[in-house]
Amino acid sequence: MKRIGLLSDTHSWWDDKYLFHFNDCDEIWHAGDIGSMRIIEQLEAHCPVRAVCGNIDGSDVRFRFKEIARFRIEDCNVLMKHIGGYPGRYDASIRRTLYQEQPQLFISGHSHILKIEYDKLINCLHINPGAAGKQGWQQVRTLVKFTINGCKFEDLEVIELK
């Protein structure tokens with residue numbers, strides 16, 4: 001069983017509330033538009049971090065993180081990409097991969113819109129944690145936490161940062 005803290009679109013903005021809310025997490029995942037490696041370093045001081053680069057990320061972030069991350073955690077296959085779209089409207093850059101690989105969990109960011117939706121067509125949970133940073137049009141900054149138990153997703157929690 002693994003507790004995951006998920007965020008996206010920090011755009012170089014650090015908030016101590018990230019670690020406050022992720023204090024019980026085994027891993028932190030960042031779905032791109034990190035903005036600065038300083039964000040990753042501060043998260044890694046707490047626990048291991050998995051991430052993908054986003055469209056605003058510079059060469060330092062791109063050197064460390066790829067555009068697509070595929071990994072297995074517990075009994076679950078995970079696919080993460082910053083620009084991913086949503087079930088029924090996946091971005092062309094990832095659509096074929098999703099339908100061929102059919103992960104159990106797909107994580108994306110980019111839109112700054114918090115959305116959690118199950119795609120029945122490919123039996124996959126899609127999570128976009130919204131935006132944790134201050135750049136962008138979003139009214140509320142958000143984080144997501146959940147537990148992966150085997151290949152079940154439990155205790156899903158949406159956190160609004162005031």
Just order 78-86, 145-153, 3-11 by mean Cβ neighbour count inside 10 Å, highest at the front, would you? 3-11, 78-86, 145-153
With a 1.4 Å probe and every protein chain kept in, tell me what percent of the accessible surface of the chain is carbon plus sulfur. 48 percent
Going 7 Å from the Cα of residue 96 toward and past its Cβ, which residues in segment 52-76 have a backbone nitrogen under 17 Å from where you end up? 68
Within segment 101-136, trypsin sites (Lys or Arg not before Pro) in DSSP loop having at most 11 other beta-carbon neighbours inside 10 Å: 120
What lysines sit close enough to residue 115 to cross-link, taking a C-alpha to C-alpha distance under 19 Å and skipping anything fewer than 8 places away on the same chain? 81, 134, 145, 152, 162
Fluctuation leader among 87, 48, 103 - the chain, Gaussian network, Cα springs under 10 angstrom: 48
Note to self: with every protein chain in place and a 1.4 Å probe, the chain gives an accessible area per residue in Å² of 48 Å²
As a test, work out the antiparallel percent of DSSP beta bridges whose residues both lie in the chain, rounded to the nearest 5. 70 percent
Pop out the ³J(HN,Hα) list for segment 57-68 in order, Karplus 6.51 cos²θ - 1.76 cosθ + 1.60 with θ = phi - 60°, rounded to Hz; leave Gly and Pro as x. 6, x, 5, 5, 6, 5, 5, 8, 10, 7, 6, 10
If you take the square roots of the eigenvalues of the alpha-carbon gyration tensor of segment 7-91 and sort them as a ≥ b ≥ c, do you get rounded (a/c under 1.5), prolate (a/b over b/c) or oblate? oblate
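The values are calculated or read from the model by the stated rules, or taken from the named source; none is laboratory data. Just so it is clear, the model here is predicted, and its values are computed rather than measured. Quick reminder, even Gly has a Cβ in these numbers, built from the backbone with ideal geometry, and neighbours come from all protein chains shown. Just the protein is used for accessible areas: all its heavy atoms, side chains included, with ligands, DNA and RNA removed. Shrake-Rupley method; radii C 1.70, N 1.55, O 1.52, S 1.80 Å.
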